[in-house]
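Encoded as structure tokens, the structure appears first; notes follow it.
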Amino acid sequence: MAAALSRAKHRKPARTASAVPKRKKAPAAPKLDPSELSAFGTKLRAWYRRNARDLPWRRTRDPYHILVSELMLQQTQVSRVLDFWRRFLERFPTLHHLAEAKETHVLEAWSGLGYYARARNLHKLSRAVVREGARAWGDDTTELDPTGAEVHASRPLLPAEPEQLRRLPGIGAYTAGAVATFAFERRAALVDTNVARVLTRVFAPRLHPKRPRDQKAIWAIAEATLPRTGKATWTHNQALMELGALVCTARVKRCGTCPVKDICRSRNRPDVRAG
Ligand code: SF4
């Protein structure tokens, strides 16, 4: 009894309504002026055509090759990825080759890049797609021939729509947008750290590029800036990433030479955070 009383004495008092900390609401995307959005896209894409780096994954539309580049580029610098990407694709030129490989061989080819979960997921994805075809991304309408075998001949090995790509192992929102845009020229948004930094600096400095509750608003800005066609979206998304890598970087803002400086709300502002 005494023990029970002593426990009761030390029990924390129930929180009153006023003591419960209020969770901050996710901010809404700012209202953006259509003429400003259009000027942003036009200037950005014109700059890209003049200044883009010639990277080998920008010369292909092979979805598997693009997927490998996107996974390698996560957390790794372009200069390091160049050789790894070439060697990996020499060893596993198609999804079929990768699916047939042993995991130890895939990890061996990835060795030195780090973050091996990316390689394991890519291998898992290749096996799922080669084995299950469209069922791997939830499409149950795969035709069967009279013998019961699946008919895959006319289907691409990877799907083109971001929602379908997201159902595959290891594919997040950014990678789905990147493969849909860069391989299939779909009109899809993508946001990685570089893109989030550029968009928040240009249109919404009060948002933080890495704060989870701001991500919805940042994706909404990315959607709002997309051009009308998939072909132009290919250039637009490459250009956003290139601006974040070369001009508006985490460490330096080269506002003087920036193609969107006339529109940017953070131009020359020292108080805008890096990140
Ligand atoms: S003007 Fe400066 S802050 Fe704005 S996007 Fe360009 S480099 Fe970044």
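The table for this structure:
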item: Subset of the range 223-275 (residues that are more than 20 Å from GLN74 (Cα to Cα), more than 9 Å from the ligand (Cβ to nearest atom) and acidic (Asp, Glu)); result: GLU223, ASP271
item: Restricting the range 55-64 to residues that are in contact (Cβ under 8 Å) with a residue 40 or more places away in the chain and part of a helix (DSSP H, G or I), the residue that is surrounded by the most Cβ atoms within 10 Å (Cβ to Cβ); result: TYR64
item: Any pair with Cβ under 7 angstrom, 6 or more apart, that starts in the range 104-125 at a residue that is under 15 Å from PRO93 (Cα atoms) and ends at one that is among the basic types (Lys, Arg); result: ALA109/ARG87; ALA109/ARG91
item: Where PHE84 falls short, out of the listed (1) closer than 19 Å to HIS236 by Cα; (2) surrounded by 14 or more Cβ atoms within 10 Å (Cβ to Cβ); (3) at pLDDT 95 or above; result: (1)
item: Cβ pairs under 8 Å, 6+ apart, first in the range 254-267 and within 13 Å of LEU243 (Cα to Cα) and outside any loop (DSSP other than H, G, I, E, B), second within 6 Å of the ligand (Cβ to nearest atom) and not aliphatic (A, V, I, L, M); result: CYS255/LYS261; CYS255/CYS264; CYS255/ARG267
item: Conditions (1) outside any helix (DSSP H, G or I); (2) over 23 Å from GLY172 (Cβ atoms): number failed by GLU90; result: (1)
item: Residues (within 24 Å of the chain's Cα centre (by Cα) and either surrounded by 18 or more Cβ atoms within 10 Å (Cβ to Cβ) or at pLDDT below 90 (or both)) located in the range 137-172; result: TRP137, GLY138, ASP139, PRO156, LEU157, LEU158, PRO159, PRO162, GLN164, LEU165, LEU168, ILE171
item: Criterion (over 24 Å from TYR64 (Cβ atoms), crowded, with 17+ Cβ neighbours inside 10 Å and at pLDDT 95 or above) met by exactly one of VAL198, VAL191; result: VAL198
item: Number of positions in the range 163-207 that are small (Gly, Ala, Ser) and on the phi > 0 side of the Ramachandran plot; result: 1
item: Candidates PRO227, PRO205, PRO212, filtered to the one that is surrounded by fewer than 20 Cβ atoms within 10 Å (Cβ to Cβ) and in contact with a His (Cβ under 8 Å, 6 or more places away or on another chain); result: PRO227
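The values are calculated or read from the model by the stated rules, or taken from the named source; none is laboratory data. Quantities reported herein were computed from a predicted structural model and do not represent experimental measurements. Note: ideal-geometry Cβ built from the backbone for every residue, glycine included; neighbour counts use all protein chains shown.
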